[in-house]
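Note sheet for the following structure.
Readers should treat all values here as calculations from the given coordinates under stated rules, not as data from a laboratory. Remember, predicted model here, so these are calculated numbers, not experimental data. Glycine also receives a Cβ, built like all others from the backbone with ideal geometry; neighbour counts cover every protein chain displayed.
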Amino acid sequence: MSEEKPSIPFFTDNDVSDAVGDFLLDWGHECKRLRDVILADSPDPIVAATCRQSGMVLITHNIKHFKTIVKAHEINRREADSLCRIELGCKQIESVNRLRAAISIIEHEWSLMGPVKQGMRIFIGNNVIRIHR
């Protein structure tokens, strides 16, 4: 008996190619694009809050800004940040290929989290995939 793969609610930042979202949708996941949910020029803290509140997994190339946002959130609230995110440290042109290589790992990590989905962070570089637990 095979286990059904989880449908993950993804949210792509403005710096992520539409091809990434198309791949995720074709793979059977949900994917909202920033411009379809909030104003296209929304600041990163609003993007993070939107993802936290809706339970979506943020996919972004904007790694440094979101690390700062998460750190500030943890300091202000004195708790671990619940923002789930995929950090794309690879070249933008390689995003779809790198995500395709990592999708089974992402799905596995998502399923390990149980019913409370919070704080998943996966870094995908040109030559590395790193899971932060």
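Here are the numbers for the structure shown:
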| quantity | calculated |
| --- | --- |
| Amide hydrogen neighbours beyond the local backbone of Val57, cut-off 5 Å, H modeled | Phe10, Phe11 |
| Beta bridges by DSSP in the stretch 12-132, antiparallel share as percent, to the nearest 5 | 30 percent |
| Sum of -39500 (n - 2.57) over DSSP H runs of 4+, divided by residues of the chain (222 nm, nearest 500) | -13000 deg cm²/dmol |
| Derived scalar couplings ³J(HN,Hα) [the stretch 96-113; Karplus, 6.51 cos²θ - 1.76 cosθ + 1.60; whole Hz; x for Gly, Pro] | 5, 4, 5, 5, 4, 5, 9, 4, 5, 5, 4, 4, 5, 4, 4, 5, 5, 6 |
| Dipole magnitude (debye, nearest 20) for the chain, charges at Cβ of Lys, Arg, Asp, Glu | 500 debye |
| Size of the chain as Cα extents on the principal axes (Å, biggest first) | 45, 31, 29 |
| Longest DSSP-loop-exposure-free segment, GluC sites (Glu not before Pro), the chain, at most 11 other Cβ within 10 Å | 5-78 |
| Taking the chain and dividing mean pair separation by its residue count, relative contact order in percent (alpha carbons under 8 Å, at least six apart) | 24 percent |
| Amide hydrogen neighbours beyond the local backbone of Arg33, cut-off 5 Å, H modeled | Thr12 |
